Each structure stands twice: as structure tokens, then as C-alpha cells.
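Worksheet for the structure shown next.
The values are calculated or read from the model by the stated rules, or taken from the named source; none is laboratory data. Small disclaimer: the values here were computed from a predicted structure and weren't measured. Note that each Cβ is placed from the backbone with ideal geometry, even for glycine, and that neighbours are counted across all protein chains shown.
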Amino acid sequence: MTDQVIQARAPEVSSLRLPLVIVASLIALVAVIAGFRVSGVEIREPDAATIQMRLLTFRDQPDGSVAVIDAKTGVAFDAITGEAGFARGTLRGFARDRRARGIGPEAPLHLMGRADGRLTLFDPQTGRVVDLESFGPVNAAVFKRFLNGVAPQKGAS
């Protein structure tokens, strides 16, 4: 029997080329995305025209519900009751932004129905915008009812 010599060879350069190209591409992609984020370039699609808008304020009630108030009439026309995680979470985010800037809850939020069917909640005090349809039709419907709800007139029972 003859002894066979096994030689260890370094990997060929061509076999390393593909992984290096992939890693370099990923690094370049991350750099481009970071560049856009830092530059302030707006990457969201422009909003369609507002075809319906309602100014709303929200007030915590002693029973744990949240009164939905038409800011023009000052009359509560609906309430957020029970868990209502999406509505409460969304409103909590707006309240947190206002508190951080020392802004009170008095100024109304703008609930806007768009020409393309989207629904947007906007706080002109902070500039915060939430495109509600991004969270699905069931969650958007929670706020849609506030846009279409009928506020009783002051003095009406």
C-alpha cells in the first residue's frame, strides 16, 4: 500500500466571491436606507385629498370609558368602552406626544376621510399622523364610526 498524502488547500478565490458580493450588497442597501432616513426625505406616499373631516376631543370618564366629543358642538356623541385596545393605544400615543411637548388635551384631533378611502388621524399640535387603515379594516372602522357619527346639537336631549 502506498501512503496517500492529503493536502489541505486554501479555498479558491472564486468560491469566496459570491458571499463577499452578497455581504457588500447588504451593507450598501443598509447605507442607502440610513441615508434616506437621516436626510429627512419623505418616503411615504402623498395623501389623497380630504373629503370629510371632523374635529374630535377625547375625555376620560369616571367609569373608565373615553368620551368622544365633537369639538365644534362640545357634545359627546360616542364613547370608547371596554378594552378597545386599538383605539385606546392610538389615543395614548397622541396623548404621550402632547405631554412630552407640554401640550394639553384641549386642542382637537383631526379625523380625516380621504378621497382614496383612507382614514387619517392628525394632531396639528404635534404634527403626528396615523394612517388608520394601515392597521386593517376592523381597526380603522373603530374611528370611521366617529367620522360618520351624528353629534346631537347642544341643548338637544
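Name, by its number, the condition in (1) part of a loop (DSSP other than H, G, I, E, B); (2) modelled with pLDDT of 90 or more that does not hold for residue 41.
Single failed check for residue 41: (2).
Counting only residues that are closer than 12 Å to residue 54 by Cα and small (Gly, Ala, Ser), how many does region 102-135 have?
The number of residues fulfilling the criteria is 1.
Between 78, 70, 63, which is over 22 Å from the mean Cα position of the chain (by Cα) and either more than 19 Å from residue 141 (Cα to Cα) or outside the structural domain of residue 136 (by TED's automatic domain parsing) (or both)? Working first, answer last.
Working: 78 fails: either more than 19 Å from residue 141 (Cα to Cα) or outside the structural domain of residue 136 (by TED's automatic domain parsing) (or both); 70 fails: either more than 19 Å from residue 141 (Cα to Cα) or outside the structural domain of residue 136 (by TED's automatic domain parsing) (or both).
Selected residue: 63, the only one of 78, 70, 63 that is over 22 Å from the mean Cα position of the chain (by Cα) and either more than 19 Å from residue 141 (Cα to Cα) or outside the structural domain of residue 136 (by TED's automatic domain parsing) (or both).
Output yes when any residue across region 89-102 is of a type in the set (D, E, K, R) and touching a helix residue (DSSP H, G or I) at 6+ places or on another chain (Cβ under 7 Å), and no when none is.
Taking region 89-102 as the starting set, the residues that turn out to be of a type in the set (D, E, K, R) are 92, 96-99, 101.
Okay, now just the ones that are also touching a helix residue (DSSP H, G or I) at 6+ places or on another chain (Cβ under 7 Å), so none.
No, because not a single residue in region 89-102 is of a type in the set (D, E, K, R) and touching a helix residue (DSSP H, G or I) at 6+ places or on another chain (Cβ under 7 Å).
Could you list, in sequence order, all residues of region 126-135 that are under 12 Å from the mean Cα position of the chain (by Cα) and part of a loop (DSSP other than H, G, I, E, B)?
The answer is 128, and nothing else.
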